[in-house]
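The values are calculated or read from the model by the stated rules, or taken from the named source; none is laboratory data. Bear in mind that the values here come from a model prediction, so they are computed numbers and not experimental data. Cβ placement follows ideal geometry from the backbone for every residue including glycine, while neighbour counts extend to all protein chains displayed.
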Amino acid sequence: MMDAERALLAETVRDAIAAAGGPAAGGAALDAVLAELGWREMLDAEPRDAIDIVFTALGNANGTATVLDDVVMSALGAAPRPDVAVILPRFGTWDPPGRIEADRIDASKIDARGLATGRAATAGELLVVCDAGAGPGAEPCIASVAVSVAAIDAVRGIDPEAGFHRVRVEGAAAAITPLDARAWESAVAAGRRAVAHQMAGASRAMLTLAGAHAVERVQFGRPIARFQAVRHRLAEALVAVEALEAALTAAGDEPNAVTAALAKAVAGRTARTVAAHCQQVLAGIGFTTEHPFHRFLKRAMALEGIFGSADEIAFHLGRGLLASRTVPTLIEL
Amino acid sequence: MEIADFRAGLAAWLDEHHDELAPQYSPPGTLDDHIAQMQRVKSLLFDSGWMRYGWPEHVGGLGGSPMLRTELGAAIAARDLTDPGLYSLVEVLAPTLIDFARPSLAAEVVPRLLSGAEMWCQGFSEPGTGSDLSSLSCRAVPDGGAEPASGWVINGQKVWTSLAQYSDRCVLLTRTGSAESRHRGITAFFVDMDTPGITVAPIEMINGVREFAEVYFDDVVVPADRMLGELHGGWAVAMSILPYERSSCFWQRIAYLYRRLQLLVDVASDDDRTAEVVGNAYVQLHALRARSRVTQHRLAAGATLGAETSIDKVLVASAEHAVYDAVRRILPGVVEMDDSASGDVWREEYLYSRAATIYGGTAEIQRNIIARRLLDLGSDE
């Protein structure tokens with residue numbers, strides 16, 4: 001996609017999300033808007049740009065949609081459908097959320113525990129990737145279960161508006177298809193890139209809010225933006241945001257599991273840095289629900305656990321470096 | 001030449017000539033050893049042609065994208081063949097001569113710098129100018145008192161002049177306007193360091209190395225045709241260095257930092273705490289490398305680099321601190337108490353790393369620039 005085309009599309013998506021009511025609009029409303037804009041066709045034809053534009057815009061507007069399901073399904077090689085929801089790993093983890101007990105393979109019964117977007121509340125069917133299991137020759141597989149056999153509860157948590165649901169499946173009958181061994185890794189990578197874009201959008205939004213506040217808020221006869229202590233906090237926040245955007249560019253140019261993991265780890269670090277500085281600059285008003293800052297803070301906290309937190313990913317990468325005794329540079333000029 | 005072909009060809013050549021290129025001193029080596037090693041490596045690279053890619057033909061180069069020479073600098077840093085801090089002087093000073101010197105002068109001297117026949121230094125900072133370069137006061141007046149002069153007489157002092165004691169030439173900033181003229185009254189000269197009246201007094205750094213020096217100028221006469229750029233146009237010369245310092249030099253520094261993390265991972269114990277520390281440093285290095293890559297691509301596409309490179313500067317300084325902080329955490333006592341050769345190396349490098357947030361504009365100056373120019377927070381006055 002050309003730069004101009006991409007910018008135009010980004011603007012269209014932003015406007016559409018704003019017109020749909022922004023943060024107040026629920027997942028279904030924004031899903032409808034995005035479907036109208038051709039989200040699924042875009043995801044199919046230009047996945048990188050589609051994910052970048054839509055998830056950045058969602059993060060920036062604090063919008064809630066269920067498009068993460070489409071990203072994951074498409075990476076798994078399944079055609080995204082609005083009536084099929086995906087079970088995501090539990091908070092802070094990225095292992096396949098499902099499991100087939102060795103003695104149940106013949107009976108095709110699965111267990112699963114994880115999270116889901118708001119799509120789980122309206123879908124008829126749940127897709128769950130299951131672990132290779134314990135038995136010899138056991139392969140990862142993708143299972144489809146009816147929503148009626150799953151326990152699905154809306155998560156209130158820190159951000160009820162995020163639309164996440166807790167899903168539990170116990171010994172349920174499932175239609176099972178084998179899955180390529182690398183498919184889950186691809187799904188995690190795609191999910192991480194998408195969520196990291198959303199966190200980048202949210203981080204930009206926090207910085208914009210804090211910057212505007214610093215320029216407007218007058219103390220001791222001058223805008224607080226003139227105080228170096230305030231300026232330096234906001235400068236640090238911008239450094240973090242720009243680093244994340246660069247890591248996402250790298251993950252798009254060199255798409256693989258490691259660059260996606262790194263982008264998600266940088267996203268977690270960035271969101272924390274930006275939130276801490278911006279919350280301090282916003283001070284009293286940022287501590288209230290009268291100011292929109294809190295929505296972005298809470299959303300970023302919720303998103304940090306989707307497909308692994310910065311700390312967990314960094315630890316995992318560190319284990320890999322020590323195991324291989326190699327520090328790859330990954331991206332070249 | 002395509003950059004990927006260059007990278008692959010260079011890697012093969014470096015492998016093939018490993019023994020010839022490898023340092024011939026035992027670590028940590030003295031600064032004399034490091035300088036001799038760098039000049040030897042440059043000479044081998046120049047003779048084999050690798051050092052000439054990315055530089056224009058009229059100064060002895062073979063043409064091609066400047067990214068080729070960025071790759072070269074990174075490749076030799078990644079193999080520990082030269083110190084990127086010393087090597088970076090090529091990357092910042094050769095372009096200055098190419099852009100601002102008489103063409104015949106540039107054609108004469110740039111090949112001598114590239115081939116390791118000469119060392120040059122950068123006479124910018126003064127005792128009175130830390131982060132505020134435009135307040136410099138080293139004075140140049142027309143010889144005989146009137147213009148047009150055949151020469152200029154320079155009086156004053158420079159400080160933090162890296163490798164001045166090894167240098168054959170100096171790119172020098174002088175005050176030619178009134179004391180209040182700030183950046184509008186500065187002129188650059190290309191000065192031979194053996195000119196009578198120049199005294200060099202090396203300074204010992206916190207790590208025991210005498211890498212930089214005070215340089216005194218007492219009635220030093222410089223020919224008028226050694227002026228770089230226009231009279232009073234020295235600020236443009238100083239600022240022209242920024243894009244190189246913030247792109248190719250950073251890419252080389254990043255290669256060096258990855259190599260440091262590799263050396264650390266080579267010897268670190270395999271436990272959870274180490275994994276956490278190493279993993280976090282790796283994430284931070286990757287974010288920096290990703291950012292610097294975007295900057296190099298923008299430069300190669302013709303963008304003018306400006307205030308946004310302050311972000312690269314903050315990231316490179318933070319990552320350098322992070323890598324050496326990781327060294328201290330993972331190898332307890334090595335920096336503080338280990339008297340083996342490797343202890344000496346880690347100690348010297350650790351102490352040097354503390355300069356990362358100070359040189360080239362302090363971290364605070366970078367944040368001021370980011371706040372004013374990139375975040376539109378207005379003036380802080």
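Observations on the model:
- Contact annotation: residue pairs with Cβ atoms under 6 Å, 6 or more positions apart or on different chains, pairing a residue in region B:207-219 that is closer than 18 Å to B:GLY128 by Cα with a partner that is among the polar types (S, T, N, Q), are B:PHE212/B:THR161; B:PHE212/B:SER162; B:ALA213/B:THR161; B:ALA213/B:GLN165; B:VAL215/B:THR161; B:TYR216/B:GLN157; B:TYR216/B:THR199; B:PHE217/B:ASN155.
- Flag if B:SER125 is crowded, with 18+ Cβ neighbours inside 10 Å and closer than 23 Å to B:ARG112 by Cβ: no
To keep it simple, each residue is scored yes or no on (1) surrounded by fewer than 22 Cβ atoms within 10 Å (Cβ to Cβ); (2) more than 8 Å from chain A (Cβ to nearest Cβ); (3) out of contact with any Cys (no Cβ under 7 Å at 6 or more places or on another chain).
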| residue | (1), (2), (3) |
| --- | --- |
| B:CYS249 | no, yes, yes |
| B:TYR256 | no, yes, yes |
| B:ASP270 | yes, no, yes |
| B:ALA281 | no, yes, yes |
| B:LEU285 | no, yes, yes |
| B:LEU288 | no, no, yes |
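- Strands (runs of 3 or more DSSP E) contained entirely in region B:130-225, each with at least 1 residues that are closer than 24 Å to B:VAL90 by Cα: B:151-162, B:169-175, B:186-192, B:198-203, B:212-223
- Taking the listed residues B:ARG354, B:ARG298, the one that is within 13 Å of chain A (Cβ to nearest Cβ), within 25 Å of B:ALA371 (Cβ to Cβ) and basic (Lys, Arg) is B:ARG298, with no other qualifying.
- Scanning region B:10-51 for residues that are within 14 Å of chain A (Cβ to nearest Cβ) and surrounded by fewer than 18 Cβ atoms within 10 Å (Cβ to Cβ) yields a single hit, B:ALA11.
- Helices (runs of 4 or more DSSP H) contained entirely in region B:1-60, each with at least 3 residues that are within 28 Å of B:THR96 (Cβ to Cβ) and without any contact (Cβ under 8 Å) to a residue 40 or more places away in the chain: B:31-47
- Residue list for region A:217-230, filter: among the charged types (D, E, K, R) and at the interface with chain B (Cβ under 8 Å from one of its Cβ atoms): A:ARG226
- Of the residues A:LEU303, A:LEU282, A:LEU262, A:LEU333, the single one that is closer than 30 Å to B:GLN252 by Cβ and in the same structural domain as A:ALA205 (by TED's automatic domain parsing) is A:LEU262.
- Hey, B:ARG293 within 25 Å of A:ALA263 (Cβ to Cβ), surrounded by fewer than 24 Cβ atoms within 10 Å (Cβ to Cβ) and without any contact (Cβ under 8 Å) to a residue 60 or more places away in the chain or not: yes
- Pair list, Cβ < 8 Å and 6+ apart or interchain, from region A:1-27 residues that are within 14 Å of A:LEU37 (Cβ to Cβ) and of a type in the set (Ser, Thr, Tyr) to residues that are in a loop (DSSP other than H, G, I, E, B) and modelled with pLDDT of 80 or more: A:THR12/A:LEU37
- Those helices (runs of 4 or more DSSP H) of region B:237-311 in which at least 1 residues are over 30 Å from B:PHE190 (Cβ atoms), considering only elements entirely within it, cover B:248-267, B:272-300.
- Summed over region A:167-221, the residues that are among the charged types (D, E, K, R) and over 30 Å from A:ARG99 (Cβ atoms) give a count of 3.
- Given (1) closer than 22 Å to B:ARG52 by Cα; (2) out of contact with any Phe, Trp or Tyr (no Cβ under 6 Å at 6 or more places or on another chain), index of the condition B:ILE35 fails: (2)
- Hey, B:LEU136 surrounded by 19 or more Cβ atoms within 10 Å (Cβ to Cβ), modelled with pLDDT of 95 or more, over 22 Å from B:GLY85 (Cβ atoms) and aliphatic (A, V, I, L, M) or not: yes
- Considering region A:122-231, the qualifying strands (runs of 3 or more DSSP E), each wholly inside and each with 1 or more residues that are surrounded by fewer than 17 Cβ atoms within 10 Å (Cβ to Cβ), touching a residue at least 40 places away in the same chain (Cβ under 8 Å) and not small (Gly, Ala, Ser), run over A:125-130, A:165-173.
- Flag for B:ARG79 being crowded, with 20+ Cβ neighbours inside 10 Å, of a type in the set (Lys, Arg) and within 14 Å of another protein chain (Cβ to nearest Cβ): no
- Residue in region A:172-187 that is assigned by TED's automatic domain parsing to the domain that holds A:THR122 and over 23 Å from A:SER74 (Cβ atoms) present: yes
- Count of region A:302-330 residues which are crowded, with 19+ Cβ neighbours inside 10 Å, β-branched (Val, Ile, Thr) and more than 13 Å from B:VAL283 (Cα to Cα): 1
- Meets criteria (assigned to a helix (DSSP H, G or I), closer than 25 Å to B:ALA268 by Cβ and within 18 Å of the chain's Cα centre (by Cα)) for B:VAL316: yes
- Selection within region A:1-15 - surrounded by 12 or more Cβ atoms within 10 Å (Cβ to Cβ) and modelled with pLDDT under 85: A:MET1
- The residues of region A:231-268 that are farther than 25 Å from A:MET1 by Cα, in contact with a Leu (Cβ under 8 Å, 6 or more places away or on another chain) and within 8 Å of chain B (Cβ to nearest Cβ), listed by number, are A:ARG231, A:LEU234, A:ALA235, A:LEU238, A:VAL239, A:ALA265, A:VAL266.
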